[in-house]
1. Pull up all non-local amide H partners of residue B:36: gap of 5 or more, or a different chain, and H-to-H distance under 5 Å with H placed in the peptide plane.
2. Taking chain B as a Gaussian network, Cα atoms linked when under 10 Å apart, which of B:175, B:268, B:32 shows the biggest mean-square fluctuation?
3. Give me the one-decimal Kirkwood hydrodynamic radius in Å for chain C, with the sum taken over alpha-carbon pairs.
4. Explain nothing, just the number: relative contact order of chain B, from Cα pairs under 8 Å at least 6 residues apart, as a whole percent.
5. I'd like to check one number: the per residue accessible area of the protein assembly as shown, probe 1.4 Å, reported in Å² as a whole number.
6. Counting only GluC sites (Glu not before Pro) that are in a DSSP loop and have at most 16 other C-beta atoms within 10 Å, tell me the longest site-free stretch of chain A.
7. When a/c reaches 1.5 or more, the comparison of a/b and b/c decides; with that in mind, is the range A:46-145 rounded, prolate or oblate per its Cα gyration tensor?
8. Short version: ³J(HN,Hα) in whole Hz for each residue of the range A:256-269, in order, from phi by Karplus 6.51 cos²θ - 1.76 cosθ + 1.60 (θ = phi - 60°), x for Gly and Pro, what are they?
Amino acid sequence: MSGGLLSDPKRRVLVVAALAIMTFTGSFGWLWDGAALGQDDVDGQQIRGVMEVIEDEERRPVEGVEMIVSADGVEIGRVRSDASGEWSVQVPEAGTYQVRLEVDTLPAGVQLTDPERVELSAVQVREGQRKTVRFSLGPGFTKSLSTLESLSNLVVLGLRLGAIIALSSVGLSLLYSISGMFNFAHGELVTLGAMLAYLLSTSPGGPQWHLAAAVFPTMLMAGCIGGLMEFGLWRPLRRRKTGVVGLTLVSIGFSLFLRYLLLLIFGQSPKPYKNFNIQDPIEFLTVSTPPKNLFIIGLAVLLLLGGGMLLRYTRIGTAIRAVADNRELAESSGIDVHHVFLVTWIVGTALTALGGVFLGIGESVEWDMGFKLLLLIFAGMVLGGIGTTFGAMVGGFAIGFLVEISTYWVDVQFKTAIGLGVLVLMLLFRPQGLMGLRGRIG
Amino acid sequence: MAEALKSVPGRPGVAKPSPILVVEGVRRAFGGLVAVDVEHLEIQRSSVTALIGPNGSGKTTLFNLLCGFDSVDEGEWRIFPGSRGGGVQPGPEAEESKLGEVRLTGRQSYEIARLGMVRTFQLTKSLSLLSVLDNVLLAAKDQVGERLSRSLGRRWREIDERNRSAAMEILERFGLAHMSDEYAGALSGGQRKLLELARAVMARPSLLLLDEPLAGVNPALVESILEHLLKFPAEGMTVLFVEHSMDMVMSISDWVVCLEEGSVIAEGPPEVVASDPLVVDAYLGREE
Amino acid sequence: MDWLEITVDSLRGSVSLVAAAYALSSIGLNLQFGSAGLLNFGHVASMLVGAYGMAIVVDLGGPLLLGVLVGVAAAALLGWLWGITTLRLRADYLTVVTLSFGEILRFLIRSNWANPFTKSVYGIQRFADEFYDWNPIPDGDYGFEIASNPIRFSERQLWVMSVCWGLAILATLLFRSLMRSPWGRTVKAVREDEDAARSLGKNVYLYKQQALIIGSVIGALGGILLGIETQNVYPDFYIPLVTINAFAIVILGGAGSVWGPMAASIIYWFLFEWLDGVINSAMTEGYFGLLFEPADSGRIRTVLLGIGLVCLMVFRPQGLFGRRREVILGGT
């Protein structure tokens, strides 16, 4: 590395930026399905719809309703409606399709208003059309929805979102505590993780592994990308003594660059993974949920606990905490600060990418999924107490839980607004957060 | 008035004939660690008082507390600005100060500064992207143009004109006049210390708190800073300063206060404190 | 590819209302960010409340001037709200809160709940007819041609452009007088070092609060004129990207510089239109092959904006006109 090419930090930024762009556009685009490159099916035609119950002018989305699309009796695809009730199935060509709703997957208390209309047998789709079909749902007459049941299902969804936020916030929070910078490009790392896993598991141009097998390679690749960013962008900037304000602005620009690059590569429409997409719900007590949600929650909790232990009991964990506490002091007592940054970036990005995969499993993979999540991650950090990693985890869980539960009373469209509202209220009344110390808000 | 100290016995918490600052039961703990615990302390008007103590004995924390840059757990302190300090702004504070006493407990740092107690910092805080002259002009207290409502008027220009000559005089004294149009960021470390002093003097405080005014200053400048310090009392500014080096303290201060683990363990005339066994212990005990 | 046509079109874009409105709006951001050092990532919210304040009042039957006043008052209120939620806390909270405020507002006006006032996603149209009734410019087509490529504006466009550029000049002059006054000196001191300013008796909180409010009001004027020109406000225009555009302009012109935002807005929108023209004609001429589809041209431009902002911060943080040693963004 002593070559003249990389010795000048300014030049190194250029070289690595160029490399990064080439890797992204080149290798990504190459491996990607031809479809994503603007051709036929992915941005082509689809059948879509929204599962919702309209009651007293209030719209309540229905999640997890299974839809099966087939052509002449051959199944083309099946999906479940996501948290906002939306579902969509890509269809290969223009023509006539049948769309059937799996009545068994309707949650308790929701019914077709016309039980005869369980299958639409002649859905015409034109070239490139996004055909919307409608199943009319209403509150059930036989099984009435108990408050306890719907709330307990929301609890599971809330824990899932909380787990995803907590997992994704670790990297951001650690980085904030050691560098004082909010990395606004962090949301894009969530998206990146989800998309890498899509590339490895689902994309026709990729290796088509099972998603479970793709998770670890995804984390590994994301970690490498994180390390590369630290090495090629942030470290040279730190060496030039760029202030926190400058770094934050760089991160905003970088976030824009990454987000729209991913949009160019992936396309605008959300896509589900091929695995874990449809699962029979398991039932216990009052909860009825697909097992993937429980896996996500369980795995995330285990990883967060593991991460906490590492931070607490290992050498590098201690070093990270020391740098967070007082960088100059840590530096003068022999800790290699650059090394600490590198490790934080790698581990943080890997965990964030995993959060992205989980989010993709829970909902679907979309170009701005991370940016949308970023605001909730911030809310979680503030709630837990900015600068405390443990606080960020707890705050993340709390905010995910809160916003999902709130959908029981409040319209889903306010979900993010509620998370941000919590953030603002917290700043007004307890700015140090749930776990923070007053001294830190200075 | 520094002469009046001659008759004061040197023991912690002793009363002074004409105190400008009275501190009572000020305590601040960080977690379990008590950083400052001053039972009673008075600073004599128009004196040069040194605050000494080993590293981590709470000197800077005490400054932060007194000036409102940190909040106390308990305790209170008052200032007696008197007639000589020109720093009192019109307003309710002035009403209070006519009675000769202003309670500072719980006030914001900027209010405390306006009430005539101005501090400097251990790590110099020069405003790099303001010119040297602007740095000093900023400290002037009567500039109505600092209010948004009057910033577009004409009145401030006259005031600035008048302040400019005062500021240049002060810069002249501190040997910075030739650099008045430079950015403060272009000054050397020692010159920044001088600029910070000049700025503080421009604010016409009745009590000046200097946090290690000599740290990092090259020896040639030390002499000149010390000379300035000695002249301040005659101009109506009482000086309380933090310093490590005992030699420096001995040569210029009228009174010395020694902190150890946040408490005053000794105070008195320099030569008395220097030979106090507790002080010697505090210093030696910490050395390696 | 017709380079001349693209260039002339871009020249037209660089003096258009959009450039003028962004120049005006960026002056507000420059006061907050360049002068006072406040990293406001929700500047778009000022433009939003300004434009919506006006549109809602007119839509409910009020006169346009009242609408403008309401918009401006709402923007001042917004600046004040930003202040009370964050200014007593550490500076970096401001970025998160302002970004969040912008998104909360956008979600709110988008929601069904606000429909009676904001018409949700459809937005409000045709609220500025009154403004065009005041137009003193006779009907016609004004402009000239460069090698048979026209730069022309209708009397309507010319009217709203003149008002907006005029306001931008006024705002710049206001900015200059403010920053040359002792008030400006104190604001700069607050930016440089809050503790030093406090130790000299300056109420740091008050100055930041004032900068936020004035900046928000100027930003709102930009939003109002943008709304008047299109006669259309809708929630999904006011995304965080608008703030980033304004930041790019402020930094390009040199944070804290007096004429920077105006000059940079002209340059920025020239580049914007030029890139747009080049990408689009490259697309129609098939240079990208199957790689991109027509909808991608805006996305490619945004990717380039992101790279540009990073490069600007890395290689020329002082902007086009600033001097290196005066850079506000550098250093620690």
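The values are calculated or read from the model by the stated rules, or taken from the named source; none is laboratory data. From a predicted model like this one, the values you see are computed outputs, not experimental measurements. In this analysis, Cβ positions are derived from the backbone assuming ideal geometry, glycine residues included, and neighbour counts consider all displayed protein chains. What goes into the accessible areas is simple: the full protein's heavy atoms, side chains included, and nothing from ligands, DNA or RNA. Shrake-Rupley method; radii C 1.70, N 1.55, O 1.52, S 1.80 Å.
1. Here B:28 satisfy the definition.
2. Maximum among the listed residues: B:32.
3. 20.7
4. About 27 percent, as a whole number.
5. Value for the protein assembly as shown: 40 Å² per residue.
6. Result, exposed sites excluded: A:128-442.
7. prolate
8. Here the 3J(HN,Hα) series is 4, 4, 5, 4, 6, 5, 5, 5, 4, 6, 8, x, 7, 7 Hz.
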